[in-house]
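We did not get these values from a lab; they are worked out from the coordinates using the rules stated. Bear in mind the structure is a predicted one, so any value in this text is a computation, not a measurement. Neighbour counts are summed over all protein chains in view; Cβ atoms, including those assigned to glycine, are modelled from backbone coordinates with ideal geometry.
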Amino acid sequence: MKTHIIALCLIAFAPSSSSAALKVVTTTEGLASLAREVGGDKVEVASLSRGTQDPHFVEANPNLAVKLRQADLLVDVGLDLEVGWLAPLVNQSRNPNIQPTGSRRLVASNFVRVRDVPTGPVDRSMGDLHAAGNPHFISDPRAAEAVADGMAAKLAQIDPGNKPYYEQRVVDFKRRLGDDLVRWKTVLEPLRGRKIVARHQTMSYFLAWTGLVAAGFLEPKPGITPPPSHLAEIVRIVQAQGVKAILVENYYDTRSADVVARHTGAKVVLIPGDVGGVPQADSYEHYIDALVKLISDAVR
Amino acid sequence: MHWLIVASLLAANPDPAAPSEGATPEEKKKLEEEIAKELGAQPQPTAPGQPAGATGRPSPPQADPGQLGGSPFARLLLLPDISAVGSAALAWNRLDVEALSPRGDPFAPAHTLQPIFQELELGVQAVVDPYARADVFLAFSEEGAEVEEAYLTTLGLPFWFQVRAGKLFAPFGRLNQQHPHTFDFVDRPLALARLLSVESLGGPGLDVAWLAPTPWFAELHLGYQALKPGFEESSRNAGVARLAQFFDVGEASTLGVGVSAARMDEGSGAWRDLLGGDLYLKIRSPRSRSYLALQGEVVARRLSGLTVAEAEGEEPAVDPNGTEWGGYVQAVWRQSSFFAYGARYERAPGAAGGPENRVSALATWLPSEFQRLRLQVSYDRLPGGQDGLEALLHVEFSIGAHGAHPF
């Protein structure tokens, strides 16, 4: 009797091999939104982190390893963004195919022209910098297109029967994004060259795309909290260059930004760090919509 | 019983979808069996779904123009992750801890402000091959150098098994499996030092861990190791078992519950049995760096079949066939990325019998992710009524590529 009960329990938790949807697990909501765009109803997508979370400091909660156990594909950002939490989860998952070089692992940054790659010697006196380059590319739609292409190719490789479906979905997604890009450009073009101050080097890709310019960063070095001397310097820069907006992802503390705002009259703009970072950013296009609206309103 | 095997096979099928290039899984399996027969071998059960040459790192979409002379960094790419974690303390104790309250962690002679170099941990970690990874931790201290842990971990055994083999900390309790540089408090709770081991309870052997096919994390460990318990110099063969489970409690909290047991052969028909329970609750809003972590462990030890003469060697002094118990509860409030505060209460069997109680307060400053400065002040009350304050100022740093720690 006992063995029957155990067997029934095991069957209850067994993966139903008849369910056709591929289980795609991503580390961030931005990658999850792209996987949904490309995979449509052929995939079941889950993200390990939330868009409201600082992706550098996600908890390595073992229940996330359970999500990875039966993943058909793991998509991570790479460039050491998830270095503090992903490896133990992958190890606990027992899923050999999603290991760093496994056949069901897709590193999204492999498809992106990476910015801020250090060219000289690197050590931690430079702060907690990303030694392999800047992983915060999700705010550049051109990077998102490249990642979507990579996902479509990978999904087609895993699930060759639906190759035309994925290819069509990525074409549709890129066409919609193309229309959006025209729309966003009309808003952003007149603002080219306007200056902002950012908290962390999370905005490099967005700035490169929009032509906005970072006059300075609240952090003197990545991950290092600004001392008063640095904030005083930022206040001077903001005043001298007429900076109107201080951009801070809404998972960061705003005390330093508030100080600079108080001394200069510049506005602190809380921006979503990723898809899902604010309620209206419920898809990739809506996330960029929200970013473009918040930032263009502030610098205009 | 057959039901169980069939169901297990169903549950563990890691690759339900994805027929490759039009072949059904049955056709693929048949071909695999045919090839295996031709080669005179059994089909390989491990690493399913991993086609040869698949690297998961597709080359960028643009054409690769090649590179003259290949990569000059190849040797560097193949280097394991190397890291060093160093720790030193300034200790002050009112009591003569060595005689009255035996422990392994930093302490000073009575009424002396004592600088102490605690440990340098050298970590060397890498994937060995497609089937396993290796983690090596060497500890250098004033007493010399030792291999703290050095073990192989399988990456893709079927049925959600994972085996670690080599020299490893025993899967008993929560704190015992962690390296001291991940402890919130500076020192190990007295109960763990005296009932488990003065250092982490560990040694050569293997640990087989099975991840249950439940929607929450439930991991069952069964280990067989040679362990040095308490303050003993020689090791005994031991069987260890642990069930660890984690539950998400709402959006912001995770609860960990563990039970552990171990049985060690003391020779001549004598046994040492250990039983432990641990709880861990972490409350952290997803959008915040602040959190509250509550943690507690209870450990009981029973010696049976020892003669009075054998028991004399035991420290703390024990009843040859008695049961001793102890434990701790602690709360840590990580206020921001930079500051954390904690409080801990402990109960441990005293050196001369009877319960020893200690309370500690902790303040931590973390200038960055890679170093921390801690001040721990404790009040220790011995069974006879003797008591005294103790203080530890502790600095710790980490350099190099050090793997992330499990939750």
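Numbers at a glance
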quantity	calculated
Output for segment B:84-139, where each listed residue is crowded, with 18+ Cβ neighbours inside 10 Å and of a type in the set (Lys, Arg)	B:Arg103, B:Arg133
Extreme residue, farthest from the other protein chains (Cβ to nearest Cβ), among residues of segment A:22-55 that are surrounded by fewer than 23 Cβ atoms within 10 Å (Cβ to Cβ) and within 30 Å of B:Ser337 (Cβ to Cβ)	A:Ala46
Some residue of segment A:59-68 being farther than 18 Å from A:Asn91 by Cβ and surrounded by fewer than 24 Cβ atoms within 10 Å (Cβ to Cβ)	no
Counted residues, segment B:248-271 - those being of a type in the set (Asp, Glu) and more than 24 Å from the chain's Cα centre (by Cα)	2
A:Glu82, sole failed condition from (1) at the interface with chain B (Cβ under 7 Å from one of its Cβ atoms); (2) farther than 13 Å from A:Ile138 by Cα; (3) touching a residue at least 24 places away in the same chain (Cβ under 8 Å)	(1)
Flag for A:Glu233 being of a type in the set (Asp, Glu), surrounded by fewer than 21 Cβ atoms within 10 Å (Cβ to Cβ) and not in a helix (DSSP H, G or I)	no
Among (1) surrounded by fewer than 19 Cβ atoms within 10 Å (Cβ to Cβ); (2) touching a strand residue (DSSP E or B) at 6+ places or on another chain (Cβ under 7 Å); (3) outside any loop (DSSP other than H, G, I, E, B), the one test that A:Asp128 misses	(3)
Some residue of segment A:172-188 being within 12 Å of another protein chain (Cβ to nearest Cβ) and in contact (Cβ under 8 Å) with a residue 60 or more places away in the chain	no
Residues of segment A:57-68 that turn out to be without any contact (Cβ under 8 Å) to a residue 40 or more places away in the chain and more than 7 Å from chain B (Cβ to nearest Cβ), as a count	2
From the options A:Gly150, A:Gly102, A:Gly133, residue that is surrounded by 19 or more Cβ atoms within 10 Å (Cβ to Cβ), in a loop (DSSP other than H, G, I, E, B), within 11 Å of another protein chain (Cβ to nearest Cβ) and not hydroxyl-bearing (Ser, Thr, Tyr)	A:Gly102
Unmet criterion (only one of (1) surrounded by fewer than 19 Cβ atoms within 10 Å (Cβ to Cβ); (2) more than 14 Å from every other protein chain (Cβ to nearest Cβ); (3) touching a strand residue (DSSP E or B) at 6+ places or on another chain (Cβ under 7 Å)) for A:Ala266	(1)
Leading residue by the ranking (farthest from the chain's Cα centre (by Cα)) among those in segment A:179-203 that are among the polar types (S, T, N, Q) and closer than 23 Å to A:Val259 by Cα	A:Gln201
Hey, A:Val259 within 29 Å of A:Arg50 (Cα to Cα), hydrophobic (A, V, I, L, M, F, W, C), more than 22 Å from the chain's Cα centre (by Cα) and assigned to a helix (DSSP H, G or I) or not	yes
Count of segment B:198-251 residues which are away from chain A (no Cβ under 14 Å), surrounded by 15 or more Cβ atoms within 10 Å (Cβ to Cβ) and assigned to a loop (DSSP other than H, G, I, E, B)	9
Selection count, segment B:272-307, where residues are part of a strand (DSSP E or B), surrounded by fewer than 16 Cβ atoms within 10 Å (Cβ to Cβ) and over 24 Å from the mean Cα position of the chain (by Cα)	1
Members of segment B:360-407 found to be part of a loop (DSSP other than H, G, I, E, B) and within 28 Å of A:Asp128 (Cα to Cα), listed by number	B:Glu369, B:Phe370, B:Ala401, B:His402, B:Gly403, B:Ala404, B:His405, B:Pro406, B:Phe407
Residue in segment A:108-121 that is of a type in the set (S, T, N, Q) and assigned to a loop (DSSP other than H, G, I, E, B) present	yes
Yes/no for B:Pro215 being within 17 Å of the chain's Cα centre (by Cα) and not hydroxyl-bearing (Ser, Thr, Tyr)	no
